[in-house]
Amino acid sequence: MARNNANKRIGIADVALKAGVSHATVSRVMNGNAAVDPGIAERVRLAAAELKYQPNPVGRSLALGKTDTIGIVVPDLANPTFQAILRGLSIAAGADGYRVLIADSSEVTSEEAILAGEARRRCDGVVLCAPRMGDAQLEELAPSLHPLVLINRTTADNTPSLNVDYEQGIQDVAQHLVALGHKRLAFLAGPEHSASNRQRLAGLEVFREQNPGIELQLLPGGSNFDSGHDSTELVIACGATGILAFNDLVAMGLLSGLHERGLRVPDDISVAGFDDIPFARYTTPPLTTAAVPINEIGSLAWRRMREQIQQPGEAPEPVRDEFRPRMEIRKSTAAPSTSPRDQCSA
């Protein structure tokens, strides 16, 4: 019997009995309710300390209606860009006593709404990072997720969003190649459902209109190292001298594939990426890319979330934070070689 008593978990009833108060009073004191008489509150705290009472975190969260946790849904956690955003978010949230619950949709569009809904039920708010779902579905889903912050998407309501200007950024990369003397370019496109890929394509349409003498081909690609590597033969066959990759991972995969086939970058072909992930400066050769402030985006996402959590029930301000990529010129791009290469058929 003594062993059972020793192992007994001290509960709120034990504290209430020792302090001579009701269960509700103990609960209010433990949850920081300032309406309790200071003398009674001190008596409860002394009783709790003497009994070594530890409040149940789940019960406390239910009582307060908050979990001190936010959720983030990303399309591919293997992508260093999303890792960096998550890191910035986690550090900023952690400084305010919040934890971050992570959900990875693995580029499966149909999973995003399910994961976002689950995250919202478990957390005080949700960050949707570059969701792949269609605009109509996002508009329908967003009101049920507030507090909500969007990264690289917007909605018609007041949902705070943080957006990279991919349209202008890809034009800057293309103009960099043209300035080097390239007249035959190719773009390795990203995932079909990616909103940022659509923005890149829109930017390249503007580039085409402004540069009628430049040939620009659109090639199927992807978002990871393997897709860049797998596109190597297609890139070689198309005859372009300057390649714009959807992101740095695709560009790195292509660099590897070109090296395996004996082509030199940038002597035989120039390659440029997008995002400036931490590895980009350490490739061989170092990768020219459009740099995105990904850590800053993560920390700002938390600030936008905190503003909503601290003002529950109020409609969020219609904040739209915009980021323009900055060109990082490295050694993977140079003037085109004078030796001809076969052009692919239309």
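The values are calculated or read from the model by the stated rules, or taken from the named source; none is laboratory data. Note that the structure is predicted; figures quoted are calculated from it, not measured. Backbone-built Cβ (ideal geometry, glycine too); neighbour counts: all protein chains shown. Ligands, DNA and RNA are stripped out before the accessible areas are found, and what is left, the full protein with its side chains, is counted by its heavy atoms. Shrake-Rupley method; radii C 1.70, N 1.55, O 1.52, S 1.80 Å.
Given a Förster radius of 45 Å and the C-beta distance between residue 9 and residue 324 as r, what FRET efficiency does 1/(1 + (r/R0)^6) yield to the nearest 0.05? That gives a FRET efficiency of 0.20.
Please determine, in degrees from 0 to 90 and to the nearest 10, the orientation of helix 166-179 with respect to the longest principal axis defined by the Cα atoms of the chain, where the helix direction is its Cα long axis. For 166-179 against the chain, the angle is about 30 degrees.
Mean residue ellipticity at 222 nm from the helices of the chain, using -39,500 (n - 2.57) per DSSP H segment of n ≥ 4 over the full residue count, to the nearest 500 deg cm²/dmol? Theoretical 222 nm ellipticity from helices: -13500 deg cm²/dmol.
Farthest toward the positive end of the dipole of the chain, out of 187, 252, 240, is the Cα of 252, where the dipole comes from beta carbon charges about the Cα centre. A Förster radius of 45 Å combined with the Cβ-Cβ distance from residue 267 to residue 102 puts the calculated FRET efficiency at roughly 0.60. Put the Cα centre of segment 261-335 next to the Cα centre of segment 145-189 and the gap is 10 Å. When the surface is traced with a 1.4 Å probe over the full set of protein chains, residue 66 keeps roughly 70 Å² accessible.
The C-alpha atoms of the chain define a longest principal axis, and helix 109-122 lies at about 20 degrees to it. Equivalent-ellipsoid semi-axes for the chain (Cα gyration tensor, √(5λ), whole Å, largest first): 54, 20, 16.
Restricting attention to the chain, the count of lysine pairs at 8 or more positions apart or across chains with alpha carbons under 24 Å apart stands at 4.
Identify which of 45, 330, 200 has the largest mean-square fluctuation in a Gaussian network model of the chain, with springs joining Cα atoms closer than 10 Å. Per the Cα network of the chain with a 10 Å cutoff, 45 tops the list.
Just the protein heavy atoms count here, and of the accessible area of the chain at 1.4 Å, carbon and sulfur take up 52 percent. A Cβ-based charge dipole, computed about the Cα centre of the chain with Lys and Arg at +1 and Asp and Glu at -1, lands at about 1500 debye.
In loop segments of segment 214-319 as defined by DSSP, the trypsin sites (Lys or Arg not before Pro) with at most 14 further C-beta atoms inside 10 Å of their C-beta are 261, 264.
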